[in-house]
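The values are calculated or read from the model by the stated rules, or taken from the named source; none is laboratory data. Because the structure is a prediction, the values reported are computed rather than measured. So basically every Cβ, Gly included, is an ideal-geometry build from the backbone, and we count neighbours across all protein chains shown.
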Amino acid sequence: MTGMDAAIPTQPCSAPTGFLVVSDLHLGASLRAPLNGAALRRVVRVDRELERFVNHHLEHRPGEHSEGQWTLVLNGDTFDFMHMDLRPDTQGWLERDEATFGLEYTSPRARWKLATMARYHRRTFKALGRFVAAGHRLVFVVGNHDADLHFPGVRLELIEHLSSHVEAGQRESVRAGVKIARWFYFEPGQFYVEHGHRFDPYTTFDDPIVPRAFGRAMHLATSFTHLASRYFANRIRTLPLHDLDQWKLFDFVRWGLRKGNLPVGQMLSQYVSLAARSVRVGLDFQRTVGAHLKNRQRARLARLKAYSRVTRLPLEALRKIDELGVKPLTASAVGGLQALYVGHVGLGLLAVLAAITSAIIVDGWLMKLAASASVLLSTALFMRVFATWLRPDPDVHPRLGQAARRIAEETGAPVVVFGHTHRPVHERSEGRHWLNPGAWDHAWRKVAVHTVEARCTCGLRFARVTRDETGVDAQLVHWCSHFGRPQETGAPERLLPPV
């Protein structure tokens with residue numbers, strides 16, 4: 001199976017076909033040492049919610065007479081190889097700094113993590129296996145937290161884990177019904193699905209289509225979030241797991257004040273170590289790219305040509321879609337320092353020193369106060385004006401909207417679906433629609449109790465796209481954890497495929 005299999009358009013069929021898109025499940029994110037009761041309860045709740053979701057759609061097929069077929073698209077970050085931080089007990093299995101910083105991002109480590117996730121999230125794997133065995137299709141679109149699915153061995157083992165939960169006679173049909181899209185999933189004239197991390201400099205790779213370290217096929221390439229997670233965030237257990245790259249400097253200060261009793265010395269040491277590592281990664285990247293630039297460009301063009309043949313999209317259209325992605329912060333020695341607020345910290349320290357110096361030089365308390373205040377205010381204004389230079393904007397939402405419009409133009413898809421930002425969205429622009437189902441990583445939280453008539457506040461959403469002979473319907477739907485069923489947010493919008 002290739003990573004492009006899921007991009008093959010489905011054949012026309014007389015029965016209605018429906019597509020369900022769920023993003024950012026982050027299975028395995030709770031599996032961190034020490035594994036306590038609270039973490040296990042989160043695992044149980046996430047499994048229970050996805051199992052109920054799958055069971056509902058097994059009972060309610062698309063079409064007026066429920067005779068259709070669902071395609072469930074899990075749109076990236078389905079598995080959290082990045083934050084899953086358990087380690088095997090086997091003596092001598094860990095290498096180098098793995099005992100301190102957790103497992104490396106390699107194919108053998110990813111396979112062990114996947115097997116561990118399959119054991120703890122057994123109900124989810126079983127539900128997905130039953131879903132495919134019932135005649136539906138399952139597509140995994142690869143995100144940044146589960147970029148390990150780019151390894152062929154990991155992809156094959158994922159399918160085997162799913163097929164192990166069905167009868168022996170059904171396993172081949174399950175293997176055939178599961179596809180893994182390493183870039184995007186595309187249905188001509190209907191919709192385009194991509195995770196969205198290509199548009200985020202904090203999370204993307206130099207080559208998101210094949211994010212493997214140059215010259216080391218069994219190692220994952222380094223994004224800034226992979227680097228920061230392994231060497232900083234995963235070591236500070238009280239830090240929230242997700243969306244740290246979207247925090248402002250004040251958010252970290254507020255978190256520290258709220259938590260109190262923080263290991264300040266350890267945090268500073270790891271911060272300095274992470275900054276040094278990010279510089280080294282950036283320098284290594286520049287040296288490698290400079291030496292092998294032409295070979296990398298030829299390989300990338302060959303992959304685009306292969307995608308063009310499989311998806312039936314023009315090569316020029318794929319080139320334009322590929323060029324929409326942004327450069328990773330790890331592509332330079334400065335990028336990681338920008339992400340770590342080194343510029344802000346340096347300017348802040350200089351401003352404090354300048355304010356103290358000004359206060360010493362001038363006479364009179366009023367003049368001292370005015371001089372110090374003017375220095376600090378000028379520095380704050382400078383940081384405000386040059387904010388994006390000091391640190392790239394972590395809010396990817398505007399870029400996703402722009403990318404959705406461009407992708408719709410190039411592919412002719414009336415519906416474009418992204419994930420990644422954990423922000424539910426349904427926006428319309430120039431007759432096209434783009435949706436983001438948000439995240440299900442918080443499905444373990446307390447269920448919001450409400451009446452049947454009340455608007456659902458459970459916080460889980462999914463995209464539903466259905467097609468028949470008259471056109472395409474697209475909708476962002478609430479999944480109600482309280483009642484275990486969808487709660488409609490409005491009438492589906494009929495979108496006629498472009499001629």
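Residue check, Thr357 against (1) of a type in the set (S, T, N, Q); (2) modelled with pLDDT of 85 or more; (3) in contact with a helix residue (DSSP H, G or I) (Cβ under 7 Å, 6 or more places away or on another chain), all met but one. Which one?
So the condition that Thr357 fails would be (3).
Evaluate the following for Asp77: is it part of a loop (DSSP other than H, G, I, E, B) and surrounded by fewer than 17 Cβ atoms within 10 Å (Cβ to Cβ)? Walk me through it before giving the result.
Numbers: part of a loop (DSSP other than H, G, I, E, B): yes; surrounded by fewer than 17 Cβ atoms within 10 Å (Cβ to Cβ): no.
So Asp77 does not fit the description; no.
Quick one: Arg109 ticks every box in (1) closer than 17 Å to Glu157 by Cβ; (2) of a type in the set (D, E, K, R); (3) surrounded by fewer than 21 Cβ atoms within 10 Å (Cβ to Cβ) except a single one, so which number is it?
The failed condition is (3).
Which one is farthest from the chain's Cα centre (by Cα), of the residues in the range 161-196 that are closer than 28 Å to Arg467 by Cα and in a helix (DSSP H, G or I)? Let's see the steps before the verdict.
Keep residues of the range 161-196 that are closer than 28 Å to Arg467 by Cα, which gives 162, 170, 172-196.
Within this subset, residues satisfying the condition of being in a helix (DSSP H, G or I) are 162, 170, 172-177.
Working: Leu162: 22, Gln170: 31, Glu172: 30, Ser173: 29, Val174: 25, Arg175: 25, Ala176: 26, Gly177: 23 Å.
Once the filter is applied, the top-ranked residue is Gln170.
Arg312: under 30 Å from Gln190 (Cα atoms), in contact (Cβ under 8 Å) with a residue 60 or more places away in the chain and assigned by TED's automatic domain parsing to the domain that holds Phe191, yes or no?
Numbers: under 30 Å from Gln190 (Cα atoms): yes; in contact (Cβ under 8 Å) with a residue 60 or more places away in the chain: yes; assigned by TED's automatic domain parsing to the domain that holds Phe191: no.
No; evaluated as a whole, the condition is false for this residue.
Among Val425, Val472, which is the only one that is hydrophobic (A, V, I, L, M, F, W, C) and modelled with pLDDT of 85 or more? Before the answer, list the steps.
Working: Val472 fails: modelled with pLDDT of 85 or more.
Exactly one residue qualifies, and that residue is Val425.
Quick one: count up the residues across the range 327-344 that are crowded, with 18+ Cβ neighbours inside 10 Å, modelled with pLDDT of 85 or more and in a loop (DSSP other than H, G, I, E, B).
Number of matching residues: 2.
Of the conditions (1) in a loop (DSSP other than H, G, I, E, B); (2) in contact with a strand residue (DSSP E or B) (Cβ under 8 Å, 6 or more places away or on another chain), Ala29 clears all except one; give me its number.
With respect to (1) in a loop (DSSP other than H, G, I, E, B); (2) in contact with a strand residue (DSSP E or B) (Cβ under 8 Å, 6 or more places away or on another chain), Ala29 is out only on (2).
Quick test of your reading of the structure: Arg61 fulfils all but one of (1) closer than 18 Å to Gly177 by Cα; (2) in a helix (DSSP H, G or I); (3) free of Cβ contacts under 8 Å to residues at least 60 places away in the same chain. Name the failing condition by number.
All conditions pass for Arg61, except number (2).
Could you tell me which residue of the range 111-160 is farthest from Val178 (Cα to Cα), considering only residues that are in contact (Cβ under 8 Å) with a residue 24 or more places away in the chain and of a type in the set (Lys, Arg)?
Looking at the filtered set, the residue picked out is Lys113.
Suppose we filter the range 378-392 for residues that are of a type outside the set (Ser, Thr, Tyr) and exposed (fewer than 12 other Cβ atoms within 10 Å of the Cβ); how many remain?
To start, the set of residues in the range 378-392 that are of a type outside the set (Ser, Thr, Tyr) comprises 380-387, 389-392.
Filter once more, so that each one left must be exposed (fewer than 12 other Cβ atoms within 10 Å of the Cβ): 381, 384-385, 389.
Within the range 378-392, residues that are of a type outside the set (Ser, Thr, Tyr) and exposed (fewer than 12 other Cβ atoms within 10 Å of the Cβ) number 4.
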